[in-house]
1. For a quick check: sort 180, 59, 11 by the number of other beta carbons within 10 angstrom, fewest at the front.
2. Beta carbons within 10 angstrom, averaged per residue: use that to sort the peptides 107-114, 164-171, highest first.
3. Could you line up 159, 142 from fewest to most neighbouring Cβ atoms inside 10 Å?
4. Residue 177 to residue 199: FRET efficiency via 1/(1 + (r/R0)^6), r the Cβ-Cβ distance, R0 30 Å, to the nearest 0.05?
5. Taking the beta-carbon count within 10 Å as an exposure proxy, list 205, 6 from fewest neighbours to most.
6. Is region 4-239 best put as rounded, prolate or oblate by its Cα gyration tensor, with a ≥ b ≥ c the root eigenvalues, rounded for a/c under 1.5, and otherwise prolate when a/b is larger than b/c, oblate when not?
7. What residue among 139, 204, 76 has the largest mean-square fluctuation in a Gaussian network model of the chain, using Cα springs under 10 Å?
C-alpha cells in the first residue's frame, strides 16, 4: 500500500487554514498531515493546535515558503508527498483525491493542479508551473532538503520542476474548476501584494535564468500525460 504524506505551509492564514484542514483530515488517502507554521504572527498556530490528527512544525521567525517546505518534506515519512497551499478557497476532499489518483495509479510520476483562477496564460497552455499543489515521490526531494533551505523564499517550485525535468518524469495536470487561490493583494493590499508577486518572479529567476525557466516550462509541457490516459473525474475536476 502506498503511503501518502500531506505537507502544508502556512504564514498568517488563520482566516483560511481551517477550510484546508477540513479537506485533508477527512481524506482517507492521506496517512500523515504535516503543517508548517512559518513564523505566523496571527492566530494560525492557535487554529493548528486545536486540530486533531495533524503534526505541527512551528518556529518563531518567518523564513519563507521554500524553507518551510524543506521542513515539512524532511519530516514526512510517506512514499508520496502531497503539497497543498494554505491560501485556497473551495478546496474539497474530492479535489485531494483527484490530485492523488494519477500518481497512485501509476499513470504519471507527478501531478500538478491547475486552479480555476490560475493566470490566463497557464490556463491557455494547460500547466501552472508554479502551482503549490502537487503529488510527487518523496525520494525526489528528500536528499535535496538541505539545498532547499538555502534557496530564495519563493524558489521552491522552480527547484522542484528542475528535479522533475532532470529525472524525466511524466506529469498529470489536474484541473480544479472549483478551487481559487487567494491572491496576495487580497490579503495584504495592492502595493504590498504586487510587490510580493514580483518577488516570486525574481526568486524563480534566481534559481534559474529567465531562459532557464522558459526552457523548463517547455520541457514540462512535453512531459504531460495525454488526457486520454485518464478516466474522467466528476465535474468539479478534470484531468489533462
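What follows draws every value from the coordinates through simple rules; no lab data is involved. Please read these numbers as outputs of a predicted model, since none were measured by experiment. As a convention, Cβ positions derive from the backbone with ideal geometry for all residues, glycine included, and neighbour counts pool all protein chains shown.
1. Working: 180 16, 59 13, 11 20.
Going from least to most buried by this count: 59, 180, 11.
2. On the way: 107-114: 23.8, 164-171: 15.9.
The most tightly packed comes first, giving 107-114, 164-171.
3. On the way: 159 19, 142 12.
Going from sparsest to densest Cβ surroundings: 142, 159.
4. Numbers: r = 29 Å, r/R0 = 0.96.
Efficiency at R0 = 30 Å is approximately 0.55.
5. Working: 205 16, 6 28.
By the 10 Å Cβ count, ascending, the order reads 205, 6.
6. Values: a/c = 1.32, a/b = 1.13, b/c = 1.17.
Note, shape of region 4-239 comes out rounded.
7. Result for the chain, Cα springs under 10 Å: 139 fluctuates most.
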